[in-house]
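The values are calculated or read from the model by the stated rules, or taken from the named source; none is laboratory data. Predicted model only: the values in this text are computed from it and were never measured. Here the Cβ positions follow ideal geometry from the backbone for every residue, glycine too, while neighbour counts run over all protein chains shown. Side chains included, ligands, DNA and RNA excluded: accessible areas come from the protein's heavy atoms. Shrake-Rupley method; radii C 1.70, N 1.55, O 1.52, S 1.80 Å.
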Amino acid sequence: TFAYVEGEVVQRIGPPQSGFDLGWTDLSGLADGPAQLSHHIAQEVGAPFDLEHGPLIRGHVVRMGAQEHVLLLTMHHIISDGWSIGVLGREVSALYAAYSRGAADPLAPLPVQYADYAAWQRRWLSGEMLAEQTDYWRRALAGAPALLELPTDRRRPAQQDFTGGHVALELDETLSDGLKALSHRHGMTLFMTLLAGWALVLSRLSGQQDVVIGVPSANRSRLEVEGLIGFFVNTLALRIELGGTPTLAQLLERVKEVALQAQDNQELPFEQVVDLVKPVRSLSHTPVFQVMFAWQSEEGATLDLPGLQAAGIKGPRSAAKFDLTLDLKESGGRIVGGLNYAAALFDQQTVERYGAYLRNALAQMVGDAQQTAAALPLLPQTERQRLVEDWNATQAPYPSQSCIHQLFEAQVARAAQAPAVVHEERTLSYGELNAQANRLARHLRRHGVTADSRVGICVERSAEMVVGLLAILKAGGAYVPLDPAYPADRLAYMLRDSDPALVLTHAPARPALHHALAAARRPIALLDLNDDAAQWAADSPHNLAYVIYTSGSTGHPKGVMNEHRGVVNRLLWMQDTYRIDHADAVLQKTPFSFDVSVWEFFWPLLTGAQLVIAKPGGHRDPHYLVDLITEQQITVAHFVPPMLRMLLAEPEVTRCRSLRHVICSGEALPYDLQQQFFRLLPGQLHNLYGP
């Protein structure tokens, strides 16, 4: 037992006991016997120990039938480790065999006791030896990453959750033999080879070239302690560098060197290593490393009892001390074991995939150790087929010969009287919108607009903006959005670069446009949106639909030319995916110099939905947007994440119950923002952000 004496923990050795208190439960004849057994095992595992008063080992026998019993033996880790289980099994077998035939105790007296070893270790690990090992671990872990950031299924909780799960892993005899041969060729142990494969998988999954893996060490390097029961095991933090594009053979050599050096310095207790390197501390993960690899060189406890057949049973795996623990051993010519995982972070299917990656990586290592580690294909063929081929098989038939305005006209033919555009107090039906766009398109044709002509449009957000966009397309041109809110210098550059045939405008935008034209220093015809329209003629779907300018963050803005067929493809994909109709209202609030505005304008007009236009500047006012969404019963809206955060911060945002689809893009969608949305609003949130 262990007790505090003057502020320090000391070990106390009590007198030998004549008997062992063995509990007894009879489950024989019960239909739910196996379930009851699992319950008893869970109780044994979860029951606490009293370190000061003991006992620190307890046993329980469960009778399952006349000829079948289960022995549950539980020891506290402070007095035992994995090696000790094997020692205990051998000694119990020897004692049982002797006592069952009336013989005396056959076990030879131990040359030393655990207390002797503990006292020796304290004296030995001091002075020069302590300095050497301390210096090694300080150098080995200097600057090591605080966290191995594996792709998890859930966000890491603020405080570590130790609930665990387990996935079995087995390598067939062919692969197991190949790994043994590979290890022999490189003069290393099977443990080192498997560690290299595990490090490679972790590096590829995390994207980190510096990986720290915890490895338990038996720490029984002296012959005198091999037969002792006690806690000898230590934990080594092996730091493996995968940078510099090493071949697999070079990676094996790196791992071999790291493992040998760590074994030469394995006596310094891991808790002292942690104090020494002072890693970043967090309640959400373990310090120094979060992933472990345990290689079991011993078979564990086996019982050879005369007159009885004895076999081990699998107990529950309900805890996970680390994010992932790979536990392997050699058994029957195969490498077998499994992956223990933190259920708070991973789903079982995810860990099963990780196991498949490891199996595939090891097979690749056996096949060709000269290939580059970073280029080694990890995905099994079935998963590669699904990710690379099946999920990218996006080809689908669509009316690629149709233009945006032609699809709009088809919707006009279906429901000419339905409301199409709503802007403040003004509403245009599909028929009215089409008629106005036709008149303006004919007017544009008379002014020289033909196929692929670029036509500037400098207007504030309004119904006239929609009429102008459709008219330009109907006339065969491509619109160039000129946001009147832009600086005059930027507008002047866009005018010079795009060289439009003419520019559509209206009174609110004229001052900004005149300043830009003066700076551009070239004559460009202007056309007010109140003028009459001219005869419309159809154009080819390969013609330009619009030219939108980039932000210019890498230099001058670049005009990006977009054809009708690409826009039609995108709009019809959105319709196939989200399915809106006459009952929907789509909010148009994105400035028309950004790509998102394209689907905001044309998606509803191709599907019979209402296009509701926010007032100029309204996209920056979350209070106004809440009112507009509520009053117009908006069902579809787009927000960049910062604007969505502002909207959700509005006290009355819960009034927006009509929202059915909220689409986010522009930048990564934070997890906390997603959760906030689901707490406040009932609709679906779609993340269209991608690299």
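Hydrodynamic analysis of the stretch 9-107 uses the Kirkwood radius over alpha carbon pairs. Inserted into Stokes-Einstein at 4 °C and 1.567 mPa s, it gives a translational diffusion coefficient of 82 µm²/s.
Taking packing as the residue-averaged number of other Cβ atoms within 10 angstrom, the listed peptides 41-50, 73-82 run from highest to lowest as 73-82, 41-50.
Points 7 angstrom from Cα along the Cβ direction at D210 and L73: gap in nanometres? Between D210 and L73, the simple spin-label model gives 4.5 nm. Counting Lys and Arg as +1 and Asp and Glu as -1 over every other residue whose Cβ lies under 12 Å from the Cβ of D672, the net charge comes to +3. Local charge sum around W391 (other residues, Cβ-Cβ under 12 Å, Lys/Arg +1, Asp/Glu -1)? Here the count lands on -1. No solvent, one uniform scatterer per C-alpha: report log10 I(q)/I(0) for the stretch 543-667 via the Debye equation at q = 0.13, 0.19 1/Å, two decimals. Per q value, in the given order, log10 I(q)/I(0) is -0.56, -1.11.
Using the Cβ-Cβ distance between Q121 and E52 with R0 = 30 Å, the FRET efficiency computed as 1/(1 + (r/R0)^6) comes to roughly 0.80. Taking Cα centre as origin and charging only the Cβ of basic (Lys, Arg, +1) and acidic (Asp, Glu, -1) residues, the dipole magnitude of the stretch 98-175 rounds to 400 debye. Here the Karplus relation 6.51 cos²θ - 1.76 cosθ + 1.60, evaluated at θ = phi - 60°, turns the backbone of the stretch 660-677 into coupling constants of 9, 10, 10, 10, 10, 7, x, 7, 4, 8, x, 4, 5, 5, 4, 5, 5, 4 Hz, with x for every Gly and Pro. For the stretch 353-509, the Kirkwood radius over C-alpha pairs fed into Stokes-Einstein at 20 °C and 1.002 mPa s yields D = 107 µm² per second.
Would you please state which residues of the stretch 647-681 a label at R620 would reach in this model, taking the label point 7 Å out along Cα→Cβ and a backbone N cut-off of under 18 Å? The answer is 647, whose backbone nitrogens lie closer than 18 Å to the label point.
Of the trypsin sites (Lys or Arg not before Pro) in the stretch 91-148, the ones in a loop by DSSP (not H, G, I, E or B) with at most 11 other beta carbons within 10 Å are R101. Taking each DSSP H run with n ≥ 4 as -39500 (n - 2.57) and averaging over every residue of the chain yields -11500 deg cm²/dmol at 222 nm. Taking label positions 7 Å along the Cα-Cβ direction at both A108 and R521, the computed distance is 10.3 nm, reported to one decimal. Take the Cβ-Cβ distance between Y578 and Q385 as r, set R0 to 30 Å, and report the resulting FRET efficiency rounded to the nearest 0.05. Computed FRET efficiency for Y578 and Q385: 0.60. For the chain, the solvent-accessible area of protein heavy atoms averages 50 Å² per residue (probe radius 1.4 Å; ligands and nucleic acids excluded). Compared with the direct C-alpha span, the chain from S297 to D161 gains 46.0 nm at full extension, assuming 0.36 nm per residue. When +1 charges are put on Lys and Arg Cβ atoms and -1 charges on Asp and Glu Cβ atoms, the dipole computed for the stretch 310-426 relative to its Cα centre reaches about 500 debye. Between the residues H186, N234, Q208, the greatest Cα displacement towards the positive end of the dipole of the stretch 181-242, with unit charges on the Cβ of Lys, Arg, Asp and Glu, is found for H186.
With R₀ set to 45 Å, the beta-carbon distance separating A410 from S217 gives a calculated FRET efficiency near 0.05. Taking 0.36 nm per residue of separation and subtracting the current Cα-Cα distance, fully stretching the chain between E6 and E652 would add 226.3 nm.
Bridging of K256 to lysines at a Cα separation below 30 Å is possible for K180, K278, K321, K329, once same-chain residues fewer than 8 apart are set aside. Look at the alpha carbon pairs under 8 Å that are at least 6 residues apart: their mean separation over the length of the stretch 248-388 gives a relative contact order of 21 percent.
Peptide packing: for 495-506, 171-182, the average count of neighbouring Cβ atoms within 10 Å per residue gives the ranking 495-506, 171-182, highest mean first.
Taking only protein heavy atoms and a 1.4 Å probe, the accessible area of the chain is 52% carbon and sulfur. Our estimate of slack between S429 and R570, defined as 0.36 nm per intervening residue step minus the Cα-Cα distance, is 48.3 nm.
With all pairs of different C-alpha atoms in the average, the Kirkwood value for the hydrodynamic radius of the stretch 261-395 is 19.1 Å.
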